[in-house]
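Chemist: The structure is given below, and queries will be raised subsequently.
The values are calculated or read from the model by the stated rules, or taken from the named source; none is laboratory data. Just so it is clear, the model here is predicted, and its values are computed rather than measured. Glycine gets a Cβ as well: all are built from the backbone with ideal geometry, and neighbour counts include every protein chain shown.
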């Protein structure tokens with residue numbers, strides 16, 4: 001159960017800031033391009049940190065890496081509340097990317113070796129994302145009369161620090177079962193070379209997703225809100241509800257798709273991603289977006305669980321391989337947010353959605369053209385069937 005607490009709390013912390021940062025950047029006077037640039041800075045540091053510390057966890061101690069990452073995140077994510085300008089926020093997000101990239105690979109590799117099936121564990125991450133998105137709702141309702149407009153965002157960042165602290169406390173109470181120490185090189189491109197079709201196809205699709213998600217809160221705010229919706233909460237409140245609905249559904253979907261063959265699930269995930277992104281520009285109100293959210297929830301559940309299952313079952317250096325996949329998340333944050341901010345600024349929100357749909361189809365074509373094969377780290381024994 002404590003593993004679920006670590007996954008839930010850390011994911012909620014990351015998600016709440018992912019939602020708040022674009023809105024807070026706009027509140028500080030930043031343009032859509034600056035929103036994208038801040039996302040790019042976060043993605044660059046997240047990419048480097050994930051890739052490095054995945055190998056560190058395999059080579060030295062997964063538990064120490066886990067403790068370091070959760071503790072550093074508790075400190076750094078709270079610093080975002082002190083940002084009073086776009087430049088300050090950009091610097092804080094860069095540090096947040098470093099901290100958030102330290103622990104994920106060590107966490108997922110340890111859970112896989114101790115508990116096996118990953119669908120349920122990953123689903124707790126999705127539940128955490130929904131909690132993080134929903135967090136802005138009570139903070140908005142509880143905002144004291146006459147409070148500064150940025151009060152809610154400061155509350156989000158402070159809550160993220162608290163959530164990481166709770167995750168660290170849960171991790172410290174778990175019995176330590178240290179896994180094997182592998183002599184893997186640090187910052188080596190070998191994991192990417194061995195499994196490049198999976199990593200590259202995932203990167204292409206997820207770059208498209210980041211094109212969308214960086215501007216998605218601003219897009220929802222720009223839609224026509226029925227009066228009855230505004231009677232129940234502000235536009236910012238509804239951003240949290242709409243985005244949280246997607247990842248909340250993933251919590252129920254992921255354990256079920258865990259039973260499907262990996263390849264079929266991944267192919268379906270690419271196709272449904274393209275469909276979802278193509279449907280978003282047709283929405284005229286947040287209610288329309290809510291109808292699309294189950295499709296993108298199923299798409300991500302199929303794609304992510306399928307890829308993680310394949311890597312954990314077909315590689316020896318599990319933390320390194322998982323860290324390489326997590327680094328693709330970070331790498332997608334580098335180009336995706338920049339493109340999302342730029343395209344939406346020049347040609348409107350639909351241009352970003354159309355590019356995301358096209359990139360999902362491109363990722364599918366690559367995956368079908370070069371399907372993954374059984375691989376292992378140099379010098380490692382072959383995995384049993």
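Chemist: Being surrounded by 19 or more Cβ atoms within 10 Å (Cβ to Cβ), under 20 Å from residue 167 (Cα atoms) and modelled with pLDDT of 85 or more is the requirement here; does residue 107 meet it?
Modeler: Here the answer is no, as residue 107 does not meet what is asked.
Chemist: If I filter segment 220-240 for residues that are under 20 Å from the mean Cα position of the chain (by Cα) and within 17 Å of residue 358 (Cα to Cα), do I get at least one hit?
Modeler: Within segment 220-240 (the criterion being under 20 Å from the mean Cα position of the chain (by Cα) and within 17 Å of residue 358 (Cα to Cα)), the answer is no, since none of the residues qualifies.
Chemist: Follow-up. Could you go through segment 256-274 and let me know if any residue there is surrounded by fewer than 17 Cβ atoms within 10 Å (Cβ to Cβ), within 14 Å of residue 303 (Cα to Cα) and modelled with pLDDT of 90 or more.
Modeler: For segment 256-274, residues surrounded by fewer than 17 Cβ atoms within 10 Å (Cβ to Cβ), within 14 Å of residue 303 (Cα to Cα) and modelled with pLDDT of 90 or more: present.
Chemist: Is segment 25-35 home to any residue that is at pLDDT 85 or above, part of a helix (DSSP H, G or I) and buried (at least 24 other Cβ atoms within 10 Å of the Cβ)?
Modeler: Checked segment 25-35: at least one residue is at pLDDT 85 or above, part of a helix (DSSP H, G or I) and buried (at least 24 other Cβ atoms within 10 Å of the Cβ).
Chemist: Inside segment 249-276, can you point out the residues that are part of a helix (DSSP H, G or I) and farther than 22 Å from residue 205 by Cβ?
Modeler: Matches in segment 249-276: 252, 255.
Chemist: Restricting to segment 40-70, give me the number of residues that are at pLDDT 80 or above, closer than 13 Å to residue 102 by Cβ and within 19 Å of the chain's Cα centre (by Cα).
Modeler: 11
Chemist: Quick one: how many residues across segment 334-348 are farther than 25 Å from residue 54 by Cα, surrounded by fewer than 20 Cβ atoms within 10 Å (Cβ to Cβ) and touching a residue at least 24 places away in the same chain (Cβ under 8 Å)?
Modeler: Number of matching residues: 2.
Chemist: For segment 215-228, name all the residues that are buried (at least 17 other Cβ atoms within 10 Å of the Cβ) and assigned to a helix (DSSP H, G or I).
Modeler: Of everything in segment 215-228, those that are buried (at least 17 other Cβ atoms within 10 Å of the Cβ) and assigned to a helix (DSSP H, G or I) turn out to be 216, 217, 218, 219, 220, 221.
Chemist: Hey, residue 196 hits all of (1) more than 20 Å from residue 347 (Cα to Cα); (2) in contact with a helix residue (DSSP H, G or I) (Cβ under 6 Å, 6 or more places away or on another chain); (3) surrounded by fewer than 19 Cβ atoms within 10 Å (Cβ to Cβ) but one; which does it fall short on?
Modeler: (2)
Chemist: Could you list all residues from segment 336-362 that are at pLDDT below 95 and either in contact with a strand residue (DSSP E or B) (Cβ under 9 Å, 6 or more places away or on another chain) or closer than 20 Å to residue 307 by Cβ (or both)?
Modeler: Of everything in segment 336-362, just one residue is at pLDDT below 95 and either in contact with a strand residue (DSSP E or B) (Cβ under 9 Å, 6 or more places away or on another chain) or closer than 20 Å to residue 307 by Cβ (or both), namely 336.
Chemist: Something else about it: Only one of these conditions is not met by residue 69: (1) within 22 Å of residue 159 (Cβ to Cβ); (2) in contact (Cβ under 8 Å) with a residue 40 or more places away in the chain; (3) buried (at least 18 other Cβ atoms within 10 Å of the Cβ). Which number is it?
Modeler: In the conditions (1) within 22 Å of residue 159 (Cβ to Cβ); (2) in contact (Cβ under 8 Å) with a residue 40 or more places away in the chain; (3) buried (at least 18 other Cβ atoms within 10 Å of the Cβ), residue 69 misses (2) alone.
Chemist: Continuing with this model, one more query. Going through 331, 359, 279 one at a time, which residue ends up being in a helix (DSSP H, G or I) and surrounded by fewer than 18 Cβ atoms within 10 Å (Cβ to Cβ)?
Modeler: Just a single option satisfies the conditions, and that option is 279.
Chemist: Which one is farthest from residue 238 (Cα to Cα), of the residues in segment 291-326 that are over 20 Å from the mean Cα position of the chain (by Cα) and assigned to a helix (DSSP H, G or I)?
Modeler: Checking each candidate, the answer is 314.
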